[in-house]
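Data first, discussion second: the structure below is written as structure tokens.
The values are calculated or read from the model by the stated rules, or taken from the named source; none is laboratory data. Small disclaimer: the values here were computed from a predicted structure and weren't measured. As a convention, Cβ positions derive from the backbone with ideal geometry for all residues, glycine included, and neighbour counts pool all protein chains shown.
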Amino acid sequence: MPGLIIVGALLAVPDRARPPDWYGLLTVAVMLGFLVTVPWVWWRLKKYQHDHYAYAGEQTTLNTGVGSFYRVFAETGASASPARWPSASSSRCWRWPSASSPVSAACAAAQPAAWHWRR
């Protein structure tokens, strides 16, 4: 749905090479609205599913609130943020330099321990 709104608004833009300011603001608003509503929609889906599982005389329920879903989505977004990606200056480290090269020592110093590659 957000894509339809953004593409639909693009039809109203006279010059696509230089879209007006309102188009950029609309795009940001639509994407932020999407990011804010996704955890709520996911919680509603899981609430419906888990409140309707039944086996023989047993009935299940989902006993967590929507806040826990927002927390999981926020933690996932924070762990996947570009700030945690390797920097452009360390991009040459992806070419598997030899262990004795000065580039290898520079890569080891520039990257966190979790990014060190093993052969």
Which members of the stretch 1-38 meet the condition of being farther than 28 Å from S68 by Cβ and β-branched (V, I, T)?
I5, I6, V7, V13, T27
So which of M1, M31 is surrounded by fewer than 10 Cβ atoms within 10 Å (Cβ to Cβ), at pLDDT below 95, of a type outside the set (V, I, T) and within 18 Å of the chain's Cα centre (by Cα)?
M1
Please list, ordered by first then second residue, the pairs with beta carbon atoms under 7 Å, 6 or more apart or interchain, first in the stretch 39-56 and without any contact (Cβ under 8 Å) to a residue 12 or more places away in the chain, second not hydroxyl-bearing (S, T, Y).
D51/L62
Looking at (1) within 30 Å of L11 (Cβ to Cβ); (2) modelled with pLDDT under 60, find the lone condition where T37 falls short.
(2)
Among what's in the stretch 39-50 and is surrounded by 13 or more Cβ atoms within 10 Å (Cβ to Cβ) and either over 29 Å from G67 (Cα atoms) or of a type outside the set (K, R) (or both), pick the residue that is farthest from the chain's Cα centre (by Cα).
H50
Somewhere in the stretch 51-59, is a residue surrounded by 11 or more Cβ atoms within 10 Å (Cβ to Cβ) and in a helix (DSSP H, G or I)?
yes
